[in-house]
Structure formats: structure tokens, C-alpha cells
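The values are calculated or read from the model by the stated rules, or taken from the named source; none is laboratory data. Computed from a predicted structure; not experimentally measured. Here the Cβ positions follow ideal geometry from the backbone for every residue, glycine too, while neighbour counts run over all protein chains shown. Ligands, DNA and RNA are excluded from the accessible area calculation, which covers all protein heavy atoms including side chains. Shrake-Rupley method; radii C 1.70, N 1.55, O 1.52, S 1.80 Å.
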Amino acid sequence: MIINEELIALDEKVDELLANIVHSDTFQQYIKAQDALNQDNDLQKDILEFQHKKNHFEEVERFGTYLPEYKQIRRELQRAKRKMDMQPQMIAYRQSETALQGILDEICLEMSTVISNDIKVDAGNPFFIRQNHHGCGGSCHV
């Protein structure tokens, strides 16, 4: 790769874009929500309990319904996940995470569109739809 003025200018624009993202209200809300999640001791216990139950379920999952307690272990995992997911700090974190992901998806879409409308961008969010983007017959995420 030959480094020239255009490449240096592009690198500077990327740094500027990153700085704008980091200083945005959406990113700041994400960081605050993440900190609140990490500071909530009860939620951290719920997360650890969920991870423990998930690991246990993955161990018995390979035997499937042949294992007598399979359904009970699966239900316990589902209850632990619901308990964790319904905590206010987790809800706030997930909402801020989704908002930040939406911004990043928009940036990727705009960048790809500058190059070609035929570039497929997997936004990772099935609800992220841009009407004017073509290239995959309407069956991909964007």
C-alpha cells in the first residue's frame, strides 16, 4: 500500500468520525448505562446465575429430551434469563446499546452507498430497513 495525502486525509476523517461518535449523547448514554449495570451488585449476581445455568444447560443439551430433567433445566435457564433481562439497569443498557448500534448501522450504510448501492450491509437488526437500498432483492437486512 502506498501512503499518500489522500490516505492520510482519510485517516484523519476516520479519527474525526470516531471522536464525534464518542462525544455523542447516544454514546454517553450507553457508557452511563454500562457503568450502572456494572455497579448494580444484584444484577451482577443475576448475570452470574444466568451464566451458570446457561453453562449447565449447554452441558445437558447434547442429550436433549432423553435426559429426564432436561425440561426442568431449560425452564430454570429461561427464568434466570427473564429475571436478568427484566432488571431496570439491564433494560436501560439494552436500549442504549440498540440506539448506538442504530447509529453505527447508519454510518455503515452511508459509507457503502457512496461506493455502490449494490453493496449489502448486514445491519444485524431485522428492524433496520432502508427503502432506497437495493442489491439483495429485499431479503437481506440492508
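Descriptive notes on the structure:
- In this simple spin-label model, placing a label point 7 Å from the Cα along the Cα-to-Cβ direction at both ILE119 and GLU58 gives a separation of 3.4 nm.
- Total formal charge among the other residues, if their Cβ is under 14 angstrom from that of GLU76, Lys/Arg +1 and Asp/Glu -1: +3
- Where only DSSP H runs of four or more residues are counted, the chain gives -23500 deg cm²/dmol as its mean residue ellipticity at 222 nm, each run worth -39500 (n - 2.57).
- With eigenvalues of the C-alpha gyration tensor scaled by 5 and rooted, segment 56-107, Å: 33, 15, 6
- Of all lysines in the structure, the ones whose alpha carbon falls short of 20 Å from that of LYS71, not counting any fewer than 8 places away in one chain, are LYS53, LYS54, LYS81, LYS83.
- The three principal axes of the Cα atoms in the chain give end-to-end lengths of 65, 39, 34 Å, sorted in falling order.
- Accessible surface of the chain, 1.4 Å probe, proportion on carbon and sulfur as whole %: 54
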